[in-house]
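The values are calculated or read from the model by the stated rules, or taken from the named source; none is laboratory data. All values reported here derive from a predicted model rather than from experimental measurement. We place every Cβ from the backbone using ideal geometry, glycine too, and count neighbours over all the protein chains shown. Surface accessibility is based on the protein's heavy atoms, side chains included, excluding ligands, DNA and RNA. Shrake-Rupley method; radii C 1.70, N 1.55, O 1.52, S 1.80 Å.
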Amino acid sequence: MYESPKIVIDDKLTVQIYLCFLLEQLGDLTYEQLSDIVTEIESVSFLDYLEALSIAQENKLISRKDTSGVDTCTLLPQGETMSKEFYNRIPLSVREKSIEYGKKVLEMAELERSVICRIEKSGGNSQPCFLTVKFLNEINGNELMDLKIFAPDYEQAKRMRERFYEKPSDIVAKIMNMFIKDSYL
């Protein structure tokens, strides 16, 4: 779905600018959301990402806090200045694809009141994956159902994840009706 840019950022300072740019454009992100954007776009190696995030925290560009059990990354004033002054060091294709996918990640976060989908890679994009799906009660957040589904590759797992986000309540009702004949669903 999101074609990877042909450019890989490997300069540590540019990776820090990239992370600041993402937080400036998209606002506060959970650690998981930020990791998802960086790994999906594949413009930065995961190890470079982890190192740059650590350095950005040490240099007081980004703060990372655990708030109510959620690990959140926030842009600090020095990081905002860095992003605005040096964003042009990040290739345009990487910036555009990152923001496009970042907005999609934020949309999915809104839907996660009723369903949470995570893709577990076992290797590269052509390797088999597992899609873990948790259906939640929208009223109290309790878990209704937890599924782990095999996908032949990463692209198939992404398509499956999108289908679950389309109409999660319909899927729960269909699964429940398979096991409960006189269901109230």
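What is the extension gain from GLU51 to SER93, computed as 0.36 nm multiplied by their sequence separation minus the C-alpha to C-alpha distance, in nm to one decimal? List each step's numbers first, then the result.
Values: separation 42, 0.36 × 42 = 15.12 nm, distance 2.29 nm.
Gain on stretching GLU51 to SER93: 12.8 nm.
Quick one, can you get me the convex hull of the C-alpha atoms of segment 103-153 expressed as volume per residue in Å³? Numbers along the way, then the final one.
Numbers: hull volume 3.5 nm³, N = 51.
Taking only Cα atoms, segment 103-153 has a hull volume of 69 Å³ per residue.
Give the long-range amide H neighbours of CYS129: residues separated by 5 or more places, or on another chain, with amide H under 5 Å away, using H modelled in the peptide plane at 1.01 Å from N.
The answer is ALA151, ASP153.
Given the pairs LYS12/LYS134; LYS65/LYS167; LYS97/LYS174; LYS60/LYS167; LYS60/LYS103, which are separated by over 31 angstrom at their Cα positions?
Check vs 31 Å cut-off fails for LYS12/LYS134; LYS65/LYS167; LYS97/LYS174; LYS60/LYS167.
Using Cα atoms only, what is the angle between the long axis of helix 77-86 and the major principal axis of the chain, expressed in degrees (0 to 90) to the nearest 10?
Roughly 70 degrees, rounded to the nearest 10.
Once both labels are modelled 7 Å past Cα along the beta-carbon direction, what's the LYS12-LYS84 spacing in nm?
The modelled label-to-label distance comes out at 2.7 nm.
Direction-averaged shadow area of the convex hull around the Cα atoms of the chain, nm²?
11.5
Mind ordering 149-157, 56-64 by average Cβ neighbours within 10 Å, highest first?
Going by the mean number of other Cβ atoms within 10 Å, highest first, we get 56-64, 149-157.
Roughly what angle does helix 154-166 make with the longest principal axis of the chain, taking Cα atoms, 0 to 90 degrees, to the nearest 10?
60
Return one number: the angle in degrees, 0 to 90 and rounded to the nearest 10, between the long axis of the Cα atoms of helix 31-41 and the longest principal axis of the Cα atoms of the chain.
80
Is the C-alpha gyration tensor of segment 1-94 telling us rounded, prolate or oblate? Criteria: a/c under 1.5 is rounded; beyond that, a/b larger than b/c is prolate, otherwise oblate.
Note, shape of segment 1-94 comes out oblate.
Taking the Cα centre of the chain as origin and charging only Cβ (+1 Lys, Arg; -1 Asp, Glu), how large is the dipole, in debye to the nearest 20? Present the calculation step by step, with values, prior to reporting the outcome.
On the way: 23 positive and 31 negative charges, 60 e Å.
In debye, rounded to 20, the chain gives about 280.
Expressed in nm to one decimal, what extension gain is obtained for the pair GLU143 and THR30 from 0.36 nm per residue of sequence separation less their Cα-Cα distance?
Numbers: separation 113, 0.36 × 113 = 40.68 nm, distance 2.08 nm.
Contour length minus Cα-Cα distance gives 38.6 nm.
Determine the principal axes of the Cα atoms in segment 115-185, then give the extent along each, sorted from largest to smallest and rounded to whole angstroms.
Extents along the principal axes, in whole Å: 43, 25, 17.
Using Cα centres only, tell me the gap between segment 22-40 and segment 48-116 in whole Å.
The distance from the Cα centre of segment 22-40 to that of segment 48-116 comes to 4 Å.
Report the label-to-label distance for PHE150 and GLU58 in nanometres (one decimal), using points 7 Å from each Cα along the Cα→Cβ vector.
Those two pseudo-labels are separated by 4.4 nm.
Over the chain, what is the relative contact order in whole percent, taking alpha-carbon pairs under 8 Å and six or more residues apart?
18
Using a 1.4 Å probe on the protein chains only, how many percent of the accessible area of segment 29-169 belongs to carbon and sulfur?
The nonpolar share, carbon plus sulfur, comes to 50 percent.
Averaging over every viewing direction, what projected area does the convex hull of the Cα atoms of segment 53-137 cover, in nm²? All intermediate terms of the calculation are to be shown ahead of the outcome.
Working: hull surface 32.0 nm².
Projected area, direction-averaged: 8.0 nm².
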